[in-house]
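So the structure is just underneath, and the comments pick up after that.
The values are calculated or read from the model by the stated rules, or taken from the named source; none is laboratory data. What you are looking at is a predicted structure, and each value in this text was computed from that prediction instead of being measured. Cβ coordinates were reconstructed from backbone atoms using ideal geometry, including for glycine residues, and neighbour counts include every protein chain displayed. The area values use the complete protein model at the heavy-atom level, side chains included, leaving out ligands, DNA and RNA. Shrake-Rupley method; radii C 1.70, N 1.55, O 1.52, S 1.80 Å.
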Amino acid sequence: MADLLYEIVNEPIQVESLVKKVSVREAGAITTFIGTVREWTKGKRTIYLEYQAYIPMAVKMLAQIGKEIEEKWTNTKVAITHRIGRLDISDIAVVIAVSSPHRKAAYEANEYAIERIKQIVPIWKKEHWEDGETWIGDQLEKFPYKDGKPILKDVEL
Amino acid sequence: MADLLYEIVNEPIQVESLVKKVSVREAGAITTFIGTVREWTKGKRTIYLEYQAYIPMAVKMLAQIGKEIEEKWTNTKVAITHRIGRLDISDIAVVIAVSSPHRKAAYEANEYAIERIKQIVPIWKKEHWEDGETWIGDQLEKFPYKDGKPILKDVEL
Amino acid sequence: MIKILLFADLQEKVGKPELELKLEQITVEELKSELQKIYPLINLESVMTAVNEEYAMADDAIKSGDTVAFIPPVSGG
Amino acid sequence: MIKILLFADLQEKVGKPELELKLEQITVEELKSELQKIYPLINLESVMTAVNEEYAMADDAIKSGDTVAFIPPVSGG
């Protein structure tokens, strides 16, 4: 599994391994985004999180995001791993690594990846608060689906 | 040395160790920038690089950049390590890690850090090409110093 | 036979991760209405549908042998 | 005594990383002119100066005991 660029895993994610996956001789810049479990959200305290995924489709969607990036920013290389299951405070939920000959593209493409993950990848987060629990649907508030499907922008599924 | 947030080192840099330095319970996002030695620059092939630093002042300037960031973006935490000496293709020259409760700030602050490093931190790169060698002064072309000192923007030294 | 996968709150409300319905052919929209009748507690309005791991539109056809997944608003990252 | 640190191409052109000059007091600008006379091959025009690890201006004073570093255009990162 060590060479897969897009993965859904149950175990802790090693940042270094994703950096290695995108490290090529053409690269001058590698950016990583590491999503961690935050203790406080709008004054509410999280005890732990639970992530669930529709795994085969999630992997496909991650690969699609990578393809979109490699088309938009030339010579970039992308790797993404998302963890599922129970995660405690400060645990890493997702790591996105992008390499590019130039730093600007590495930052932009990386940010694009996390935005797209929040739009199209079938992964769900359940917050376990001090006083209850709830499945979070970021999507619902921020990107209402006009045609019953997510914003796919300029890319065909 | 493991707990220093700003370091100049002679040995390979471990990305994971910088991530740990900025990982706090308030963080929901950590970005890293990893500057690597690229083989080709504008059609010229690099064989290896040599970095030199005015070490004590470089550490001070890195710390200043961290302070600027923590003032501009609330609740961010910064760690930067720059390597010096001989570096081969794909070796890591610099790692910048920024944590923040929110991802937007983590990206912006990280990009700010690399721009500032290229302005004010006394570190020099010597390119060893296939056909010669030269000390690079990025600064010279891009930011002429009006007062004989670098652009210090809104921050007092 | 159509296989239906449920996730997140849908899975909890229905009480299982998978359903099987004996159907030859149906559209996405029709399947949603059918399920609403069987499980009045769930809300499929802002839920996307994937057929065989591809996002599908309301009037796309589903046929026997397909795997349908209902995708509530996602919250990965 | 003023200690002078040299880096990158300046260090190579002068042939050593450090110099010491017997001086009591001098401005940054004056020190640059003095050095240009001793080492006509170097170019201090686009070179910054740090006094005791802080960037200094052209008319800042340097006094005996200070450490002066000439900082050619930097290229870290």
Restricting attention to segment B:71-84, does a residue exist that is surrounded by 19 or more Cβ atoms within 10 Å (Cβ to Cβ), part of a helix (DSSP H, G or I) and under 12 Å from the mean Cα position of the chain (by Cα)? no
Mind checking which pairs have a first residue in segment A:23-51 that is without any contact (Cβ under 8 Å) to a residue 12 or more places away in the chain and a second that is charged (D, E, K, R) and open to solvent by 20 Å² or more (accessible area, probe 1.4 Å), Cβ under 9 Å, 6 or more apart or different chains? A:R25/B:R38; A:W40/B:R25; A:W40/B:E26
What is the number of the single condition among (1) within 8 Å of chain B (Cβ to nearest Cβ); (2) under 22 Å from B:P12 (Cα atoms) that A:R38 does not meet? (2)
When every residue in segment B:85-118 that is touching a Phe, Trp or Tyr at 6+ places or on another chain (Cβ under 8 Å), open to solvent by 10 Å² or more (accessible area, probe 1.4 Å) and more than 30 Å from A:I89 (Cβ to Cβ) is compared, the one nearest to the other protein chains (Cβ to nearest Cβ) is B:I89
I'm checking my understanding of the structure. Among residues of segment D:51-63 that are open to solvent by less than 50 Å² (accessible area, probe 1.4 Å) and farther than 22 Å from B:Q52 by Cβ, which one is nearest to the other protein chains (Cβ to nearest Cβ)? D:A58
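So if I check each of B:E11, B:E26, B:E50, which one is open to solvent by 10 Å² or more (accessible area, probe 1.4 Å), more than 10 Å from chain A (Cβ to nearest Cβ) and assigned to a loop (DSSP other than H, G, I, E, B)? Before you say what the answer is, go through the steps one by one.
Working: B:E26 fails: more than 10 Å from chain A (Cβ to nearest Cβ); B:E50 fails: assigned to a loop (DSSP other than H, G, I, E, B).
Going through B:E11, B:E26, B:E50 in turn, just one is open to solvent by 10 Å² or more (accessible area, probe 1.4 Å), more than 10 Å from chain A (Cβ to nearest Cβ) and assigned to a loop (DSSP other than H, G, I, E, B): B:E11.
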Evaluate segment D:65-72: report whether one residue or more is at the interface with chain B (Cβ under 7 Å from one of its Cβ atoms), in a strand (DSSP E or B) and under 11 Å from the mean Cα position of the chain (by Cα). yes
Give me the pairs, please: first residue somewhere in segment C:53-68 and touching a residue at least 40 places away in the same chain (Cβ under 8 Å), second residue anywhere and among the basic types (K, R), beta-carbon distance under 9 Å, and either six or more positions apart or on two chains. C:S64/C:K22; C:G65/C:K3; C:D66/C:K3; C:T67/C:K3; C:V68/C:K3
Quick one: is C:T27 more than 8 Å from every other protein chain (Cβ to nearest Cβ) and closer than 30 Å to A:V95 by Cα? no
